[in-house]
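For reference, the structure is listed below as structure tokens.
Read the figures in this text as sums done on the coordinates, not as results from a lab. Note that the structure is predicted; figures quoted are calculated from it, not measured.
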Amino acid sequence: MSVYDVVVIGGGPGGYNAAIRAGQLGLKVACVEGRETLGGTCLNVGCMPSKALLHASELYESALGGEFASLGIEVKPQLNLAQMMKQKDESVAALTKGVEFLFRKNKVDWIKGWGRLDGAGRVRVTAADGSEAELQAKHIVIATGSEPTAAARNGYR
Ligand SMILES: Cc1cc2nc3c(=O)[nH]c(=O)nc-3n(C[C@H](O)[C@H](O)[C@H](O)COP(=O)(O)OP(=O)(O)OC[C@H]3O[C@@H](n4cnc5c(N)ncnc54)[C@H](O)[C@@H]3O)c2cc1C
């Protein structure tokens, strides 16, 4: 069984910041994340990808006859949705890799799998392949975010 000062469950903005700070303070720390990548809702499907797509959409709208035309710039923009999505995916990948880098830099162990409390000071982690690991921690931080009940029922993450 691996023993830690702090185990953080959830690798979103709440969890990864707590884990990195604990590492910076010299604590032995692990962060359990069930998604394939770190960064939680914000980096993977929320704030960052939505803002990347909003930014591109606003530029498209400006070029389509909005602000560009009023400034005397006449262009005929063509929407390349595949490229827009690729650029968004590349931004997301760079950001989630950035959190991975910060974990390595601050000696945070990234434990891949879904965690659950398994008694006082114990977290049981189930990996994607069904294997299980038990972590022992002096302190446990629950930073699992939230999701709509309908999505949770359907197993969507
Ligand atoms: C479309 C959209 C746009 C948004 N835009 C903005 C914005 O512009 N600005 C802003 O401030 N906020 C925005 N938000 C809100 C923001 O994403 C959330 O406030 C933020 O992600 C919450 O962070 P968190 O760490 O609490 O939870 P989350 O980001 O949800 O992270 C929790 C993590 O815990 C993991 N997890 C859950 N249970 C377990 C478990 N048992 N074991 C292991 N891992 C687990 C999840 O997989 C997830 O990765 C937006 C949200 C959405 C959906």
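Values as computed for the structure displayed
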{"quantity": "Mean-position separation - Cα centroids, region 20-46 and region 66-106, in angstrom", "calculated": "24 Å"}
{"quantity": "Theoretical ellipticity at 222 nm over the chain - DSSP helices of four or more residues, -39500 (n - 2.57) apiece, nearest 500", "calculated": "-13000 deg cm²/dmol"}
{"quantity": "Val141 long-range amide H proximity, modeled H, under 5 Å", "calculated": "Val7, Val8, Ile9"}
{"quantity": "Note, ³J(HN,Hα) from phi for region 49-56, Karplus 6.51, -1.76, 1.60, rounded to Hz, x at Gly and Pro", "calculated": "x, 5, 6, 4, 6, 5, 4, 5"}
{"quantity": "Cα-based reach from Lys88 at 21 Å (exclusive), listing lysines while leaving out same-chain residues under 8 positions away", "calculated": "Lys51, Lys97"}
{"quantity": "Against the rule of thumb 2.2 N^0.38 Å, how large the Cα Rg of the chain comes out", "calculated": "1.35"}
{"quantity": "Antiparallel DSSP beta bridges within the chain, percent to nearest 5", "calculated": "35 percent"}
